[in-house]
Structure formats: structure tokens, C-alpha cells
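Let me begin by presenting the structure, written as C-alpha cells, before commenting on it.
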């Protein structure tokens, strides 16, 4: 299991878009996310960091935030990322994600399915799962 710990900068905003937090970290250039509150921002930061590091052979070292110059609207928040758990969640999501597939069936079957309120997509999915034992 690979646990990563990165100091991040949470910048608090109150403007025409509302109240929210923007999250960045100098340790992962280009990583920017946001959340409606601290909890949401922290959850988004976990996903943003993991997404930026996805596929990397090695991970950047965490820097010392005591050297960072912050404004009064900013605070340091340490974010822990469990890459193994993130990969498991990603795999589960991809497995559950649905895609649109067009199939051709005889018109009388389509009509009968509609009359009997049979969900053709669900039926086709169940048949494929059974056939492929997926």
C-alpha cells in the first residue's frame, strides 16, 4: 500500500461565485481543484492529486510548507492519498460505468418488449453478463 502525504494550500474565496476553497500544491505543478467547504475541498484534493500522479513510476517528494509565503485567506492542509485505494475505486467506477450501444432487434420484439414494459438495455446487459460470466 502506498500512502502519500502532501501539504496543500487551501485558498478561501467569497466572491460573486459564492463561498468556496481552491486547492493547489507546489509539489504537483498544475494540480488545482476546489470545493464548497473544507471537507469537500479535501475530498476533491485527494482525487486531484491521485489523478495527477496516475501512471507515474515515482511520486514527487513533499516539500516543507514552513517556507511557503501565504496570504491571510490561505492555510496549509495536509492531504493523505492512498493510491491503492484510489486505483480500486477507479476500477470499480470503470466497471460500473455504462456506455451507449446500439443494437438491432426485430420490430415485433421491440414492440412486445415495450408492451410488456421490458427494459431492453437491462435485459441485454443481464444476458451479456450471463454469457460472458463477467
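A short reminder: the numbers here are calculations on the coordinates, not readings from a lab. What you are looking at is a predicted structure, and each value in this text was computed from that prediction instead of being measured. In this analysis, Cβ positions are derived from the backbone assuming ideal geometry, glycine residues included, and neighbour counts consider all displayed protein chains.
If you average 1/r over all unlike Cα pairs in the chain and invert the result, what Kirkwood radius do you get in angstrom?
On the way: mean 1/r = 0.0538 Å⁻¹.
When all Cα pairs of the chain are included, the Kirkwood radius is 18.6 Å.
Our helix-only sum for the chain, with -39,500 (n - 2.57) per DSSP H run of n ≥ 4 divided by its residues, gives a mean residue ellipticity at 222 nm of -12500 deg cm²/dmol. In the chain, the longest principal axis of the Cα atoms and the axis of helix 120-132 are about 90 degrees apart.
Of 28, 49, 120, how do they rank once you tally other Cβ atoms within 10 Å and put the fewest first? Please report the intermediate quantities before stating the final value.
Values: 28 19, 49 25, 120 13.
Fewest-to-most ranking of 28, 49, 120: 120, 28, 49.
A protection proxy built from the mean count of other Cβ atoms within 10 Å ranks the segments 74-81, 107-114, most packed first, as 74-81, 107-114.
Computed from Cα positions, the angle between helix 83-96 and the longest principal axis of the chain comes to roughly 30 degrees. Listed from fewest to most Cβ neighbours within 10 Å, the set 5, 70 follows the order 5, 70.
Once both axes come from the Cα atoms, what is the angle between helix 38-53 and the longest principal axis of the chain, in degrees from 0 to 90, rounded to 10? It is inclined by approximately 80 degrees.
For segment 24-96, calculate the relative contact order in percent as a whole number, restricting contacts to Cα pairs under 8 Å that are 6 or more residues apart. Intermediate values should be presented prior to the final figure.
Values: 41 pairs, mean separation 19.7, N = 73.
Here the relative contact order equals 27 percent.
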